[in-house]
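Read the structure below first, then the notes.
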Amino acid sequence: MVPVIAIDGPAAAGKGTLARRLAAALGLPYLDTGKLYRAVGRRVLDTGGDPADPAVAAAAARGLLPADLDRTDLRGPEADRAAAQVASIPEVRAALLAFQRAFAGTAGAVLDGRDIGTVIFPDAAVKLFVTADLAARSHRRWLELQARGVAAEPASVTADLSARDAMDAARAAAPLRPAADAVRLDTTSLDPDAAFAAALAVVRERLGGLSG
Ligand code: C5P
C-alpha cells in the first residue's frame with residue numbers, strides 16, 4: 001500500500017514543522033494543503049472579489065496554477081481569513097481534491113491540513129491529529145510573526161486563531177475534526193524535537209518496516 005501520512009489539526013499546532021520533518025525522515029514528498037486554500041483566497045483578493053462568494057472562489061480554485069503556491073503573500077491575517085472563507089465552499093474543496101490525491105501518486109506522501117484523514121485520504125496508513133491549547137498555539141504564531149518582522153498584538157493573534165478554528169470546525173464541508181482512527185498528539189508542552197519523536201514512534205508502529 002502507498003504510504004500516506006495524514007496530519008490534521010487546528011491552526012498553529014505545529015503540523016507543518018512536524019509534517020516536513022517526517023517527510024524528510026521517511027523520504028516522502030510533503031504537501032502543505034493549507035497553501036492551496038491560501039492561494040485560492042489570494043487569487044480572489046487580487047481581483048477585488050469576495051472570498052466568501054462561491055462562484056468567484058470556485059473559479060479561482062479551478063484556475064489555480066502551480067506558480068500560485070510559490071507566492072510570498074500567502075501568510076498574514078488577510079490571507080488567513082480569505083483561506084478560511086474559500087475553504088468553507090464545497091465547490092472549492094471539490095476543485096482541489098484531485099490534485100491532493102494525485103500528489104501521493106505511487107510513492108506516497110505526507111500531507112497536512114484539516115481534512116486529510118477524514119476526506120482526502122480516509123484510508124491513510126497513518127493519521128495524526130495534532131493539537132495544542134490556544135495559548136500555546138497563539139504564542140507560537142506570535143513568535144513566528146515576530147521572526148518575520150511582522151508587528152502583531154498577542155491578543156489579536158489569539159482572537160484571529162480562535163475565530164479561524166471556530167469557522168473551520170463549524171463549516172458543513174469537510175469540517176476540522178479528528179478521524180475516528182487518528183492518533184491524537186497534544187504538543188502543548190512538547191518542543192519540536194519531542195513532538196517529532198512522538199510522531200515518528202506512531203508512524204513506525206503503523207508502517208512497521210517501511211519507515212526504517
Ligand atoms: O493550514 P493553514 O493554516 O495554512 O490553512 C489555512 C486555512 O485553509 C485553514 O484555516 C482552513 O480554513 C483551510 N484548510 C482547509 N483544509 C485543509 C487545509 C487548510 O480547509 N486541508
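In the set (1) within 8 Å of the ligand (Cβ to nearest atom); (2) assigned to a helix (DSSP H, G or I), A102 fails one condition alone, (1). In the stretch 144-177, the residue that is surrounded by the fewest Cβ atoms within 10 Å (Cβ to Cβ) out of those that are modelled with pLDDT of 90 or more and basic (K, R) is R177. Being farther than 30 Å from A82 by Cα and touching a residue at least 12 places away in the same chain (Cβ under 8 Å) holds for only one residue in A195, A182, A199, and it is A199. Comparison of G14, G48, G27 shows that the only residue that is modelled with pLDDT under 95 and at positive phi is G14.
Pairing residues of the stretch 115-139 that are farther than 18 Å from V202 by Cα with residues that are basic (K, R) and within 11 Å of the ligand (Cβ to nearest atom), at Cβ distances under 9 Å and at least 6 apart in sequence or on separate chains, gives D115/R93; V119/R93.
Of the residues that sit in the stretch 122-133 and are surrounded by 22 or more Cβ atoms within 10 Å (Cβ to Cβ) and not aliphatic (A, V, I, L, M), which one is farthest from S88 (Cα to Cα)? In this case the residue turns out to be K127. For Y37, the conditions (1) crowded, with 22+ Cβ neighbours inside 10 Å; (2) over 30 Å from T188 (Cα atoms); (3) of a type outside the set (K, R) all hold with the exception of (2). Check D186 against each of (1) under 15 Å from G76 (Cα atoms); (2) modelled with pLDDT of 95 or more and name the one condition it does not meet. Going through (1) under 15 Å from G76 (Cα atoms); (2) modelled with pLDDT of 95 or more one by one, D186 breaks only (1). Every listed requirement among (1) crowded, with 20+ Cβ neighbours inside 10 Å; (2) free of Cβ contacts under 8 Å to residues at least 24 places away in the same chain is met by A59 save one, (1). Suppose we keep only residues that are without any contact (Cβ under 8 Å) to a residue 40 or more places away in the chain and among the small types (G, A, S) within the stretch 67-94. Which one would you say is farthest from the ligand (Cβ to nearest atom)? For the stretch 67-94, the residue satisfying everything is A67.
The values are calculated or read from the model by the stated rules, or taken from the named source; none is laboratory data. Small disclaimer: the values here were computed from a predicted structure and weren't measured. Don't worry about glycine lacking a Cβ; one is built from the backbone with ideal geometry, like all the others, and counts go over all protein chains shown.
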